[in-house]
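In what follows, a structure is listed as structure tokens, so that the remarks can point back to it.
Just so you know, all these numbers are worked out from the coordinates, no wet-lab data involved. The structure displayed is predicted, hence computed values, not measured ones. FYI the Cβ positions are ideal-geometry reconstructions off the backbone, even for glycines, and counts take in every protein chain you see.
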Amino acid sequence: MISIGAVSHATGIPVDTLRTWERRYGFPVPARTEGGHRTYPASVIEHLKLIHAAIARGHRPLNVVGASPDTLRTLLDLSDTAALTPPAPPAAPSVEEGAPGEAILSAVLEEWMRATLHMDAEALQRGFERCWFRLGPITFLHTLVGPFLEEVGHAWYEGRIAVLHEQFASIQLRQFLSGHWRPLSERARGPRVICATLPGEFHAIGLHMTSVVMALAGCQIVFLGCDTPLATIAAAAAERGVNATLISVSAATNTAHAREQLLDLLERLPPDHSLLVGGAGAPEDIERTTWIASLPELERWARRVCMTP
Ligand code: B12
């Protein structure tokens, strides 16, 4: 076990930064000596060096502090060998944090569609991971995941892919997104929020996307998933420390029917419990319910509640 000073010396990361990361991202977590001083296993040094290298290549601490050594190694490899997509037109912007250009987007979507058609899980996961780190989670969700699923839907409609490909892409995305929000949620210390869809609703990806946004802001996710009976949601909401419920309603759901279900749910929830709804089929004007129009708006809501003591 080594001291914080020794870790700082070996990695080049200032002591204050190590303390800030611990507070903000829950990593690195020290043991304490009898005198209360931080002490770390020697293995943390290699891990921190990988994080340091990722930040030096332009990745944001939010995205890399606490990522596993394997993920970081993959990321660094990819940063070094670049080549996100097949050769882009010379004037195309490179994929950096922020909104990527049209040419890059269509090349990425093409690459993901190819992996879907070949049912190549490894290539698809690698493609997701690379863009997640390069664009940052919110831009990744906003500019790539939605258009990808739309393209999957079109391709199926036009007979370019079969139902099994659509299912394959959807499972891969759910796996990828939950692989990211679960560790964030485990480290989070903000309010506990239930995430569910109403009975009869089987579209889960919107729910995983909202879970990513909330876990990133610091909320703890209580994931009940799709097609959840109202009684189950109400029972979870009555648990100690559960402050809010988020319901995702897809375009496939009839809005009037969702309204009836939500009114029924409201009757069953504790009086001081917050109910949030969103998604293309969500009703906008139910009393005592907060309708949220978009993922960036949800991010603002989550950051606000996480900052409220
Ligand atoms: C994958 C998929 C399925 C899978 C779902 C697998 C799974 N476990 O998730 C399966 C095969 C189960 C399925 C079934 C059906 N589907 Co479907 N499905 C899709 C597909 C391809 C992707 C859906 C998806 O995940 N979208 C991803 C996210 C990005 O979109 P989203 O859910 O709208 O969420 C976005 C926002 O609304 C927001 N959001 C979502 N929730 C929340 C919550 C909050 C609080 C906030 C702030 C934001 C937010 O976040 C996302 C960011 O943009 C779409 C095509 C498409 N273009 O979306 C069709 C689609 C949604 N399905 C459709 C239909 C019709 C059906 C079925 C009725 C088909 C049938 N005849 O059986 C059934 C209904 C099942 C049911 N009862 O729920 C239609 C709906 C059309 C419509 N307007 O009515 C679509 C659009 C396809 C189409 N073009 O026809 N489907």
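Give me, ordered by chain and number, the residues 5 or more places off residue 246 or on other chains with an amide H under 5 Å from its own placed amide H.
Long-range HN contacts for residue 246: 194, 195, 196, 276.
Between residue 121 and residue 19, what length in nm is gained on full extension when 0.36 nm per residue of separation is reduced by their alpha carbon distance?
Result: 33.0 nm gained on full extension.
Given axes a ≥ b ≥ c from the Cα gyration tensor, I'd like to know whether the chain is rounded (a/c under 1.5), prolate (a/b larger than b/c) or oblate.
In terms of gyration-tensor shape, oblate.
Just the number, please: Stokes-Einstein D of the stretch 156-302 in µm²/s, Kirkwood Rh from C-alpha pairs, 20 °C, 1.002 mPa s.
D, rounded to a whole number, is 137 µm²/s.
Once the other residues with Cβ under 14 Å from the Cβ of residue 275 are scored (Lys, Arg +1; Asp, Glu -1), what is the net sum?
My count for the surroundings of residue 275 gives -3.
To the nearest 0.05, what FRET efficiency results for residue 6 and residue 297 with a Förster distance of 51 Å applied to their C-beta separation?
Taking R0 as 51 Å, the efficiency between residue 6 and residue 297 is 0.70.
Just to confirm my numbers, what's the Cα centroid distance between the stretch 248-309 and the stretch 21-39 in Å?
Each part's Cα centre sits 38 Å from the other's.
Find how much the distance from residue 106 to residue 304 grows on full extension, using 0.36 nm per residue of separation minus their present alpha carbon separation; answer in nm with one decimal.
Separation in residues times 0.36 nm, less the Cα-Cα distance, equals 67.8 nm.
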